[in-house]
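Following: one structure in structure tokens, then a few remarks.
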Amino acid sequence: MSELLGNDRKHTFRELLRRAHAGEPPEELAREYGDFLASLTPAEIAQLEQELVREGVLKREELLKVCDVHMAALRAALERSEPTTPPWHPVHILMEEHKHQLALADELRKLSAEGEAASQKLEELTQELAEAESHYLREENVLFPYLEKHGISEPPAVMWMEHDRIRGLKKRLGGALAAGDFSEVASLALALAETLAAHFAKENKILFPTALRVIGEAEWGAIRAEFDQLGYCCHTPPPPPA
């Protein structure tokens, strides 16, 4: 893919990321780079990010900081890219779990304004979000290695870093609840809801379309079997077709 992308496209993408990281408004960048962004597939975006990290132009940590602004700038071009897969498919399962976790996080955020009066429900929601750990483990231990086998390593690495950020927010949220610090609970609930929304958008619109492009059809059955072994957090998906 590197040969197909070419140095000119890589330079243009690098300049876009540099300007986004410097704080230029994402909406202005999206207007200026609109035609260029529309010409990139999610797999090409992932490949460009990976090459810039490998070449030392961007550090992985810098890419993580840029990623939220980058997504905002790319949103218009990426609206078309969210994949559609059958209910048994690992990507469909992960996206359904995204929806469930977002709903929980949004309810948690809203209830946190009630403080101690909603403490029991807040604890229940926090526990349910904590029990979604198998979602992240399936991505890290099954999907990400398949992507890496097909030469896509940097995007999964960045997503794993974000997983650890999410885990940290959940742990702090549980600690704030245990301490009865409901001001901190409200702050952390908002941070968690926003972090999950941004993270899941990157996976739905870049990582998963890339996976569908590079992972072979036969491999998805093996991925589903490994998913089944690790178990599910939010719903029980239907079995694959016989």
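Summary of values
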quantity: Checking ARG167 against (1) outside any helix (DSSP H, G or I); (2) modelled with pLDDT of 95 or more, the condition it does not meet; calculated: (1)
quantity: Long-range neighbours under 7 Å by Cβ, at least six apart or interchain, first residue within 25 Å of ALA198 (Cβ to Cβ) within segment 101-129, second of a type in the set (D, E, K, R); calculated: LEU104/GLU128; LEU111/LYS121; LEU125/GLU107; LEU129/LYS170
quantity: Test for VAL142: is it β-branched (Val, Ile, Thr) and at pLDDT 95 or above; calculated: yes
quantity: Residues (within 17 Å of VAL185 (Cα to Cα) and of a type in the set (Val, Ile, Thr)) located in segment 85-128; calculated: THR126
quantity: Tally of residues being touching a residue at least 60 places away in the same chain (Cβ under 8 Å) and either in a loop (DSSP other than H, G, I, E, B) or open to solvent by 40 Å² or more (accessible area, probe 1.4 Å) (or both) across segment 220-242; calculated: 12
quantity: Index of the failed condition, THR210 passing every other in (1) closer than 23 Å to LEU104 by Cα; (2) touching a residue at least 40 places away in the same chain (Cβ under 8 Å); (3) within 15 Å of the chain's Cα centre (by Cα); calculated: (1)
quantity: Matching option when the condition is over 20 Å from the mean Cα position of the chain (by Cα), modelled with pLDDT of 95 or more and either small (Gly, Ala, Ser) or farther than 23 Å from LEU40 by Cβ (or both), among ALA132, ALA176; calculated: ALA176
quantity: Among (1) crowded, with 19+ Cβ neighbours inside 10 Å; (2) more than 15 Å from ALA130 (Cβ to Cβ) - the single one LEU177 does not satisfy; calculated: (2)
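The values are calculated or read from the model by the stated rules, or taken from the named source; none is laboratory data. What you see is a predicted model, and the numbers here were worked out from it, not measured in a lab. All Cβ positions, even for glycine, are placed from backbone atoms using ideal geometry, and neighbour counts span all protein chains on display. Accessible surface is based on the protein model in full, side chains and every heavy atom, while ligands, DNA and RNA are left aside. Shrake-Rupley method; radii C 1.70, N 1.55, O 1.52, S 1.80 Å.
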